[in-house]
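What follows is one structure encoded as structure tokens, with my remarks underneath.
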Amino acid sequence: MNDRITKRYTGNPAAFTLIEIMIAVLLIGMAIAALVVANGAFSQANGIGIDLSTAEFLIEEIRELTMPLPVVDPTDGTAAWGPETGETAIANYDDLDDFDNITISPPIDMSRNPLNDLASFAQQIVVENVDPTALDTVVTDHSSDFVRVTVTIIQNNNSISSASWIRARY
């Protein structure tokens, strides 16, 4: 009787049993599933990185556009904060305070050309007078010689990035 049992379970010693094959298939399946999940996470992180790089680029475009401009209109001073009469388009803005409290969509480059390929983004600009001894304190009467420019990049109604810098009226 022992010979019959032995012969029954002895086979080709180099062959795999059904359980070993099922375990191998299970492990390979789990490895492939993990790779698919990791690939999705890497793709999402890459997309977020691209959006952040684009946002930083758009902030720099506004900085480059506004750097050569005077802070306030040379003839009116702070009497007309914001766009002066006749400055109805961004192409006509001739000083930094004209850009206060505007949102530009599609965004523009430093030459004021629209970047239609980036239409899902918008540049939100705020220009505020600040106290020279406390740069986080806004001076509402425009009596300070310092302004803070804040540019926030928005994509699909979500803030992606923001940057601020100080300019002097001198």
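Where a number appears in this text, it was derived from the coordinates with a stated rule and is not lab data. Since we're looking at a predicted model, the values are computed, not measured. Don't worry about glycine lacking a Cβ; one is built from the backbone with ideal geometry, like all the others, and counts go over all protein chains shown.
The table that follows gives values for the structure above.
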{"read-out": "Filter pass, D136 being charged (D, E, K, R), in contact with a strand residue (DSSP E or B) (Cβ under 8 Å, 6 or more places away or on another chain) and without any contact (Cβ under 8 Å) to a residue 12 or more places away in the chain", "value": "yes"}
{"read-out": "The range 125-152 - residue that is of a type in the set (S, T, N, Q) and not in a loop (DSSP other than H, G, I, E, B) and, of those, farthest from L96 (Cα to Cα)", "value": "T137"}
{"read-out": "Any hit, the range 102-116, residues being over 20 Å from V147 (Cα atoms), out of contact with any Lys or Arg (no Cβ under 8 Å at 6 or more places or on another chain), surrounded by 11 or more Cβ atoms within 10 Å (Cβ to Cβ) and basic (K, R)", "value": "yes"}
{"read-out": "Qualifying residue in the range 101-123 (condition: over 18 Å from the mean Cα position of the chain (by Cα), closer than 17 Å to S164 by Cβ and in contact (Cβ under 8 Å) with a residue 24 or more places away in the chain)", "value": "yes"}
{"read-out": "Residues of the range 71-124 satisfying the condition of being among the small types (G, A, S) and not in a helix (DSSP H, G or I)", "value": "G77, A79, A80, G82, G86, A89, S105, S111, A119, S120, A122"}
{"read-out": "Residues (closer than 19 Å to Q124 by Cβ and β-branched (V, I, T)) located in the range 46-70", "value": "T54, I59, I62, T66"}
